[in-house]
Structures are given as C-alpha cells and as structure tokens.
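One structure is given here, and the rest of the page talks about it.
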Amino acid sequence: MKISIIGSRGYPYVYSGYETFVKELAERLVKYNIDVTVYCHKNLFTSYPKIVNSINLVYIPTIEEKSLSQFIHSLFSIIHTCIKRCDIILVVNSANGIFGLVTRLFKIKTAINVDGLEWLRPKWKGLGSKYFYYASKIATHFYDEIIADSNEMAKIYKNEFRTNSSVICYGANIKQSNKPELIERWNLIRREYYLVVGRLIPDNNSDIIIREFIKSNSCKKLVIVGDVPYKDKYADKIKVIRDSRIIFTGYVYDQDCLSELFCNCLAYIHGHEYGGTNPTMLQALASGCAILALDTKFTREMLDNGRYGLFFNKADNDLNILINNIENNEDLLDNLRKISRNRIVENYTWEKITEQYLSLFNKMTHKNSSKLVYKF
C-alpha cells in the first residue's frame, strides 16, 4: 500500500502538532511495510535526502508568505502525488479542504484530518474565517473520509455539515523526568512553578491565565513557553507584562528541556479554546502533570469530565480562586499526577492511533488488515 501525507511542514521537521502527528504515524506505518511518502516544505530544509527512516520524502517549494505558504505547498504537493499515483492520500488541516476536488478528478482515495474549528479562532478574521468554514464544508463533499480527532469534533461536523466522521485521536509517548537539572537554566525548582505551553495567540488565552495568576496569592512561578514567529500586537502586549513570578522562555526547541518542564511543574495550565484532542495537553498527561484546563467540551472529553484534571472558566477570579484553593490542598495535585499517565495508556497511545489509521486505510482500499504484520 502506498500512502502520501500532505499538509504538514514535513519530516522530520517537528514544529507543531501536525508535524509530531506525521512523524509518529509515518514511522510506525513503515513498520507495517506501508510505502509512505511525506511532502515537505523545501524552504525549511537545508539538505534534501530522499529517504529518512524508510520514509520517502518529496520537497516542494512554496512562497514565503504566512497566509499562502501552506496553501500553495499543499496544492503543488497534491498535484505531484496525483500524477505520480498512490493508493491513498492523507491530508492534514481543513484549510486543504478544497483540494479534495483535485483528488476526486484523479480518482485517488483521500482522507483528511480536519483538526480544529479554525473558522472560530480569533486569529482568523473576515475572509480568513470564511475561507476555513467553506474549506471545511467543501471537504465533506469531496474527500472520501473525514477524520475528526475527538468525538466532540465529530458531533460538530455532523451538526454543522451533516457528515459522518471517523474518530481517530492524536497520541503521545509516556515521559519521565531523566534530566531535572535542565530546568535550572531558568532558575526553576521542581514543583515550584506552573507551566503554560502554546503560541501567544488569543485562542490560547494566555492573557487571561496571566491576569488571574497575578491576582492570586501564589508564591510560585508561572512559566510561559511559546511565542509567535511574527510581529503581533496581542503577543507583544503579553510579553511586556512585568511580575517577578512570571518567566517568559520563548520557544523551547530542545525536546529534553521541554519534557523536563512538563515533568517537574506543580501543574500545567491549559487555556486552548478551539480544537479537539490537543497535542500539548496530551504531552502534559504523558508527563504526569496535574492539569488545570479551560472548561470546554473538548477538554472535558480529554480529561474524562474531571477524572484527570480540574477546570476553570474565563470569568473574572475563577482561575485565581482555583489556584489559591489547590495551593491549600496540594494532595489534590499529587493524586492527579499519580493517575495522569493512565489516560494516555488507556486512550491515546500512538500504537493505538496507528492501528486505527491502518484499519481506515484498509477499509478505503478494501484490503485485509490481518495480512499486515508489525516489524518490531
């Protein structure tokens, strides 16, 4: 079986959730003797090997423009793989919804992982929001399979676009603290800081988290990991906030450092508002974090309605009060940390996710999955 994966920045370029997903899935698919090709942004690479870890790589150039870069790259990638031919195309990102028309014309089976509710995100306004909505809607007409990353996302696509989805979540790998000294670069002490990880965009509500933390009585630190790779008023407004307890690290590209930040925090605070199964919160669970999450239908699904975390809302003083309360009852956080990794084991392992994708691909090509043997 030949599968092409399109819509990420490429492999092994790990930058965000899409790239992590492509990396983890592709590396496992090839162990089932699946012929996998990943399309890469040529502009982001300095060398261009054709094969890495048994994964075929194709480098497609694009334009260096924020809003059009991925669009142009996906278009050229889909045309290339349609001409080259494969059995299945797996597309990520609902922005690529309109390209289902191309794959339909070439009669190639295609699935799209639509990810989150891009049309509702504050960072997309006007035409951007409308484009994401109609691209998502068009995808439901032209793609053979719509993949939602959570049950709640599948419900939205059912209600909004009257289409059924295959629910396949994202995964995570269990992490343990092996090099706790790595957090000393920020003068941090184990269990003496809260952690926030995510881009500084309105969708992630970092401004609310910081505001509420400053109002709290906490003597802990608040560590903000993330930034935006462009000039932005919202991000700039956040980064000028001054409080001795707040530490802005910017991007942390060293995965060992990032892992230690998760593993050693008092609690991870999750403010992401839109989307289904969030990769960052999965990483927090996999790292054994106690989690304080913005109360949404998606976080409730991920945390099993509070079994694996605590919730706050955007109202004034809600998170502030929660922080004060848990610092008077740290046994509650200890109990959450003891069970958090269980959530990954029971529902979000990459092995389980890979098996679900294989089952979907076999259904699309009418092949017998029992003939596929994993190579350890």
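Would you be able to say whether some residue in the stretch 310-323 is exposed (fewer than 15 other Cβ atoms within 10 Å of the Cβ), more than 21 Å from F213 (Cβ to Cβ) and at pLDDT 95 or above?
No, the stretch 310-323 contains no residue that is exposed (fewer than 15 other Cβ atoms within 10 Å of the Cβ), more than 21 Å from F213 (Cβ to Cβ) and at pLDDT 95 or above.
Pairs only if they're at least six apart or on different chains, beta carbon under 8 angstrom, first in the stretch 301-325 and in contact (Cβ under 8 Å) with a residue 40 or more places away in the chain, second basic (K, R) and part of a helix (DSSP H, G or I); list them, first residue then second.
M302/R343; L303/R343; N317/K215; N320/K215
Take the residues in the stretch 10-35 that are β-branched (V, I, T) and within 26 Å of L68 (Cα to Cα); name whichever of them is modelled with the lowest pLDDT. So that I can check it myself, show each step before the final result.
Keep residues of the stretch 10-35 that are β-branched (V, I, T), which gives 14, 20, 22, 30, 34.
Next, from what is left, pick out any that are within 26 Å of L68 (Cα to Cα): 14, 20, 22.
Numbers: V14: 64, T20: 89, V22: 94.
Result: V14.
Among (1) over 23 Å from T296 (Cα atoms); (2) surrounded by 16 or more Cβ atoms within 10 Å (Cβ to Cβ), where does D256 come up short?
Checking D256 against (1) over 23 Å from T296 (Cα atoms); (2) surrounded by 16 or more Cβ atoms within 10 Å (Cβ to Cβ), the one that fails is (2).
Being farther than 26 Å from Y131 by Cβ, of a type outside the set (F, W, Y) and crowded, with 24+ Cβ neighbours inside 10 Å narrows it down to one residue among V22, V30, V36; which is it? Walk me through it before giving the result.
On the way: V22 fails: farther than 26 Å from Y131 by Cβ; V30 fails: crowded, with 24+ Cβ neighbours inside 10 Å.
Matching residue, one of V22, V30, V36: V36.
For the stretch 275-298, enumerate the residues that are over 24 Å from K220 (Cα atoms) and either crowded, with 24+ Cβ neighbours inside 10 Å or under 11 Å from the mean Cα position of the chain (by Cα) (or both).
The initial filter retains those residues of the stretch 275-298 that are over 24 Å from K220 (Cα atoms), namely 275-279, 296-298.
Hits for the stretch 275-298 are G275, G276, T277, N278, P279, F298.
Considering only the stretch 11-113, give the helices (runs of 4 or more DSSP H) lying wholly within it that have at least 2 residues that are farther than 30 Å from L127 by Cα. So that I can check it myself, show each step before the final result.
On the way: elements: 17-29, 69-84, 100-105.
Because the criterion is at least 2 residues that are farther than 30 Å from L127 by Cα, the helices (runs of 4 or more DSSP H) in the stretch 11-113 that meet it are 17-29, 69-84.
In the stretch 228-253, how many are surrounded by 11 or more Cβ atoms within 10 Å (Cβ to Cβ), among the β-branched types (V, I, T) and without any contact (Cβ under 8 Å) to a residue 60 or more places away in the chain? Talk me through it step by step, then tell me what you get.
We begin by selecting, within the stretch 228-253, every residue surrounded by 11 or more Cβ atoms within 10 Å (Cβ to Cβ); these are 228, 232, 234-239, 241, 243, 245-252.
Then drop every residue that is not among the β-branched types (V, I, T), which leaves 228, 238, 241, 246-247, 249, 252.
When the remaining residues are screened for being without any contact (Cβ under 8 Å) to a residue 60 or more places away in the chain, the result is 228, 238, 241, 246, 252.
Here the count works out to 5.
Count, please, the residues in the stretch 320-361 that happen to be touching a Lys or Arg at 6+ places or on another chain (Cβ under 6 Å) and either assigned by TED's automatic domain parsing to the domain that holds F21 or closer than 30 Å to I34 by Cα (or both). It would help to see each step written out before you state the result.
If we filter the stretch 320-361 for residues that are touching a Lys or Arg at 6+ places or on another chain (Cβ under 6 Å), which is where we start, we get 320, 354.
Next, from what is left, pick out any that are either assigned by TED's automatic domain parsing to the domain that holds F21 or closer than 30 Å to I34 by Cα (or both): 354.
Residues flagged as touching a Lys or Arg at 6+ places or on another chain (Cβ under 6 Å) and either assigned by TED's automatic domain parsing to the domain that holds F21 or closer than 30 Å to I34 by Cα (or both) within the stretch 320-361 amount to 1.
Just the residues that are in contact with a Ser or Thr (Cβ under 8 Å, 6 or more places away or on another chain) and among the aromatic types (F, W, Y), please, taken from the stretch 8-31.
Residues satisfying the conditions are Y18, F21.
Go over the candidates T81, T103, T62, T140 one by one and state the one that is polar (S, T, N, Q), within 17 Å of L25 (Cβ to Cβ), in the same structural domain as I353 (by TED's automatic domain parsing) and buried (at least 19 other Cβ atoms within 10 Å of the Cβ). Give the steps one after another, and end with the answer.
Working: T103 fails: within 17 Å of L25 (Cβ to Cβ); T62 fails: within 17 Å of L25 (Cβ to Cβ); T140 fails: within 17 Å of L25 (Cβ to Cβ).
So the residue among T81, T103, T62, T140 that is polar (S, T, N, Q), within 17 Å of L25 (Cβ to Cβ), in the same structural domain as I353 (by TED's automatic domain parsing) and buried (at least 19 other Cβ atoms within 10 Å of the Cβ) is T81.
How many residues are among the hydrophobic types (A, V, I, L, M, F, W, C) and either farther than 22 Å from I321 by Cα or out of contact with any strand residue (DSSP E or B) (no Cβ under 8 Å at 6 or more places or on another chain) (or both) if we restrict to the stretch 285-298? Walk me through how you get there before you give the answer.
In the first step, residues of the stretch 285-298 are kept if they are among the hydrophobic types (A, V, I, L, M, F, W, C); the result is 285-286, 289-294, 298.
Restricting the remaining residues to those that are either farther than 22 Å from I321 by Cα or out of contact with any strand residue (DSSP E or B) (no Cβ under 8 Å at 6 or more places or on another chain) (or both) gives 285-286, 298.
Final tally of qualifying residues: 3.
The values are calculated or read from the model by the stated rules, or taken from the named source; none is laboratory data. Remember, it's a predicted structure, so these values are computed and weren't measured experimentally. Neighbour counts run over all protein chains shown; Cβ positions are idealised from the backbone, glycine included.
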